[in-house]
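Novice: First the structure, which I've put down as structure tokens, then a few questions once you've had a look.
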Amino acid sequence: MSRGYASKGVSDSWWYARRASKARLREARAEAARAEAARAREEELAEADTKRGYKWPEWVEQTTYTRCRPSPSVFDESDVTALLTREMRGFMDRVSAQPPDPWFHRQSEKLVLAALMVHAEDDDGVRRPQFVFGLNAEVSLPAGGSFCAERSAIVAARARFPGISRADFAGIAVLQVPLSSGGIATNPLRPCGACSEWLLKLGEQIPRF
């Protein structure tokens, strides 16, 4: 039976949804294959080291905690958390007023915002807190995977303030917001492995980051 004009939009939506589902399935299978290959490689290296008399250190389990606190009744300009909360609210309002193209989030179907605070000079040469923002993006998984909001903000800060160092980074706020009307957001968000590594490296110079 041929497809009529009345059903074209529904059929197209079904086709795109099926295509996206297949793409996510292929990516999940590829990720599982990469993990299995990495595990096999680790076992191979461990066996080779054991034969040479080298004993690998034991794995150390780490636990991440999330601290929640109410917004302060009196705004404190010296409170990094309060400053990031204020800037994130403004960023969220701007994103809501100009919704991003869902094409950039077609893999995870998640929209994540990041607000980064750094200490840098303004146009008048005065050193003060500056704020840089980032969004997640999923342009092409085979070409490097997704780009998280945290790393997007860090790279944007270096482009805006080329002379900043790790010690100039003060803090970052991350928030998931609904990609579309009626969507669901899950907060707080834990950083992915790559973002965790980036944030840990920044924290080496400023432990309070």
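Novice: Any residue at all in region 110-128 that's free of Cβ contacts under 8 Å to residues at least 40 places away in the same chain, of a type outside the set (A, V, I, L, M) and surrounded by 17 or more Cβ atoms within 10 Å (Cβ to Cβ)?
Specialist: Scanning region 110-128, I find no residue that is free of Cβ contacts under 8 Å to residues at least 40 places away in the same chain, of a type outside the set (A, V, I, L, M) and surrounded by 17 or more Cβ atoms within 10 Å (Cβ to Cβ), so the answer is no.
Novice: Same structure again: Scan Ala114, Ala120, Ala173, Ala167 and give me the residue that is assigned to a helix (DSSP H, G or I) and either at pLDDT 90 or above or out of contact with any Ser or Thr (no Cβ under 6 Å at 6 or more places or on another chain) (or both).
Specialist: Details: Ala114 fails: assigned to a helix (DSSP H, G or I); Ala120 fails: assigned to a helix (DSSP H, G or I); Ala173 fails: assigned to a helix (DSSP H, G or I).
Sole residue among the options that is assigned to a helix (DSSP H, G or I) and either at pLDDT 90 or above or out of contact with any Ser or Thr (no Cβ under 6 Å at 6 or more places or on another chain) (or both): Ala167.
Novice: From the residues in region 47-93 that are modelled with pLDDT under 80 and of a type in the set (A, V, I, L, M), which one is nearest to Pro178 (Cα to Cα)?
Specialist: Per the stated criteria, the residue is Val74.
Novice: Evaluate the following for Ile154: is it in the same structural domain as Pro178 (by TED's automatic domain parsing) and in contact with a His (Cβ under 9 Å, 6 or more places away or on another chain)? Break it down stepwise before answering.
Specialist: Numbers: in the same structural domain as Pro178 (by TED's automatic domain parsing): yes; in contact with a His (Cβ under 9 Å, 6 or more places away or on another chain): no.
Judged against the criteria, Ile154 is not a match.
Let's see how each residue does on (1) within 17 Å of Leu202 (Cα to Cα); (2) β-branched (Val, Ile, Thr):
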{"site": "Phe91", "(1), (2)": "no, no"}
{"site": "Asp101", "(1), (2)": "no, no"}
{"site": "Ala114", "(1), (2)": "yes, no"}
{"site": "Val118", "(1), (2)": "yes, yes"}
{"site": "Asp122", "(1), (2)": "no, no"}
{"site": "Val126", "(1), (2)": "no, yes"}
{"site": "Arg151", "(1), (2)": "yes, no"}
{"site": "Ala156", "(1), (2)": "yes, no"}
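Novice: Residue pairs, Cβ under 7 Å, 6 or more apart or interchain, first in region 22-33 and of a type in the set (D, E, K, R), second part of a helix (DSSP H, G or I). List them.
Specialist: Between residues of region 22-33 that are of a type in the set (D, E, K, R) and residues that are part of a helix (DSSP H, G or I), the close pairs are Glu27/Leu141.
Novice: Take Ala153 and tell me if it is assigned to a loop (DSSP other than H, G, I, E, B) and among the aliphatic types (A, V, I, L, M).
Specialist: Working: assigned to a loop (DSSP other than H, G, I, E, B): no; among the aliphatic types (A, V, I, L, M): yes.
So Ala153 fails the test.
Novice: Scan region 119-135 and give yes if some residue there is of a type in the set (S, T, N, Q), closer than 23 Å to Thr85 by Cα and in contact with a helix residue (DSSP H, G or I) (Cβ under 9 Å, 6 or more places away or on another chain), otherwise no. Walk me through how you get there before you give the answer.
Specialist: Of all residues in region 119-135, those of a type in the set (S, T, N, Q) come to 130.
This time we only want the ones that are closer than 23 Å to Thr85 by Cα, so: 130.
The next check asks that each one be in contact with a helix residue (DSSP H, G or I) (Cβ under 9 Å, 6 or more places away or on another chain); those that pass are 130.
Looking through region 119-135, at least one residue is of a type in the set (S, T, N, Q), closer than 23 Å to Thr85 by Cα and in contact with a helix residue (DSSP H, G or I) (Cβ under 9 Å, 6 or more places away or on another chain).
Novice: So, Leu179, is that one surrounded by 11 or more Cβ atoms within 10 Å (Cβ to Cβ), in contact (Cβ under 8 Å) with a residue 40 or more places away in the chain, out of contact with any Phe, Trp or Tyr (no Cβ under 6 Å at 6 or more places or on another chain) and in a loop (DSSP other than H, G, I, E, B) or not? Reasoning before the result, please.
Specialist: Working: surrounded by 11 or more Cβ atoms within 10 Å (Cβ to Cβ): yes; in contact (Cβ under 8 Å) with a residue 40 or more places away in the chain: yes; out of contact with any Phe, Trp or Tyr (no Cβ under 6 Å at 6 or more places or on another chain): yes; in a loop (DSSP other than H, G, I, E, B): yes.
Yes; evaluated as a whole, the condition is true for this residue.
The values are calculated or read from the model by the stated rules, or taken from the named source; none is laboratory data. All values reported here derive from a predicted model rather than from experimental measurement. Cβ: placed from backbone, ideal geometry, glycine included. Neighbour counts: every protein chain shown.
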